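The values are calculated or read from the model by the stated rules, or taken from the named source; none is laboratory data. Since the structure is predicted, the reported quantities are computational estimates derived from the model, not experimental observations. Note that each Cβ is placed from the backbone with ideal geometry, even for glycine, and that neighbours are counted across all protein chains shown. Note: accessible area is taken over every heavy atom of the protein model, side chains too, but ligands, DNA and RNA are not part of it. Shrake-Rupley method; radii C 1.70, N 1.55, O 1.52, S 1.80 Å.
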Amino acid sequence: MNEHPLHNPAIPVGVDELQDDVHAVNREIDRIASALHVDLENHEQVHRIIAGQFPVEKHHGEHLELLRGLLFLRGRIRQRRLEAGLPDGPSPLAESIYAKLHAHHDSQ
């Protein structure tokens with residue numbers, strides 16, 4: 001039996017539902033970045049967030065960690081979709097950000 005790499009029988013999710021989830025992650029990344037005044041097109045700034053080296057005020061720390069986690073989640077979703085032969089679709093992140101996420105993940 002040839003199973004789809006993203007398929008988990010315990011979680012019956014179709015491609016449409018998966019796309020809705022990806023869209024929700026994208027929206028949340030945009031929302032939190034906007035609230036923190038993070039420019040997702042500023043690669044240096046996003047790279048510092050990925051590396052955990054972004055100085056923030058104390059009350060923004062949790063939101064910054066949430067944004068960082070969502071960036072890693074989005075990178076992993078993209079990687080899994082590409083491995084499965086699926087298009088990634090719209091994303092708030094540039095290709096260089098995905099490369100940085102992948103490099104950071106590999107160094108862990």
Item to check | Backbone N under 11 Å from the H23 label point (7 Å along Cα→Cβ), restricted to region 32-56 | outcome: none
Checklist entry - To the nearest 10 square angstrom, what accessible area does R27 show with a 1.4 Å probe? => result 130
Checklist entry - Taking the Cα-to-Cβ direction at E95 and at D39 and moving 7 Å from each Cα, how far apart do the two end points lie in nm? => result 2.2
Checklist outcome for this item: Summed over the other residues with a beta carbon less than 9 angstrom from that of I77, with K and R at +1 and D and E at -1, the charge totals +3
Item to check | H47, H63, reordered so the largest accessible area comes first (probe 1.4 Å) | outcome: H63, H47
Checklist entry - If each of R48 and L82 carries a label point 7 Å out from its Cα toward its Cβ, how far apart are those two points in nm? => result 2.6
